[in-house]
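So the structure is just underneath, and the comments pick up after that.
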Amino acid sequence: MKKYFLALLGVITLSACSNDDAPQDATLQITAGLTETTAAKSLASKGPENLKFDTGYVWLIEVVFDGTFSSGEAISKTVAVDSKIDFATGVASPDMADITIPAGEYQDVNLGLELRDEDDQPSVVMEGTYTRADATVVPVRFEFNSGEVFEAETDQTVIVAEEQKVTSKIVFDPDVWFSVVTNEMMENASANSEGIIVISGSSNAAIFDLVADRLDVSTQSVFE
């Protein structure tokens, strides 16, 4: 059964004009990245020290845009995709530039992003390093494999301009996710034959279970 993660959605205010009488569509661009959210600052003294993530990806298979215009008219658009978004660059491969949404003034907007869950390939990967107490630097890889849906919504007025590109960035915060993991757990985490600490449903599962339960704490979607 899929969980639905509530995220924060920023207000869009863009301006443009069109020579056509009929409203023109806008282009929705999805990006993603790793960053520190406000929640992480309050948890600065918690979680494993010297654990840093800086690369990885999220793999999407569907984007759903739901909105209600100020007039009361509701629209819904579902687009099937199969694209990885690189955390370091925010670039989707293949490009998802063909996602279009109606321009106009919305009272409510909801964005749903479904993760890939078709085989053993993880839908979310984060890679980084952990520095042990003896100063040894060990590669770390977090793998999440589930067809979850991230849902971002707002009840604020959203103005989407005609023929403009609207960017939604999905923000992941590993500092908050790992805030419930202790230094001792990371020190005792097992590495695979390649010397990598893999944290997944089948490797270092005790750490994974704690982190997976917090995926809905700080994940945000911010419209720009």
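The table below gives the values:
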quantity: Centroid-to-centroid separation of segment 46-122 and segment 169-218 [C-alpha atoms, Å]; calculated: 23 Å
quantity: Inverse of mean 1/r across different Cα pairs in segment 164-216, Kirkwood, Å; calculated: 12.7 Å
quantity: Cα extents of segment 46-93 along the three principal axes, largest first (Å); calculated: 52, 30, 15
quantity: Solvent-accessible area, 1.4 Å probe, carbon plus sulfur percent, for segment 49-178; calculated: 44 percent
quantity: Surface per residue (accessible, 1.4 Å probe) for segment 104-198, Å²; calculated: 43 Å²
quantity: Solvent accessible area, Å² - residue 132, 1.4 Å probe, full protein context; calculated: 50 Å²
quantity: Mean shadow area of segment 80-224, taken as a quarter of the surface of its Cα convex hull (nm²); calculated: 10.4 nm²
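The values are calculated or read from the model by the stated rules, or taken from the named source; none is laboratory data. Just so it is clear, the structure is predicted and the values come from calculations on it, not from any experiment. SASA here: full protein model, heavy atoms, side chains in, ligands and nucleic acids out. Shrake-Rupley method; radii C 1.70, N 1.55, O 1.52, S 1.80 Å.
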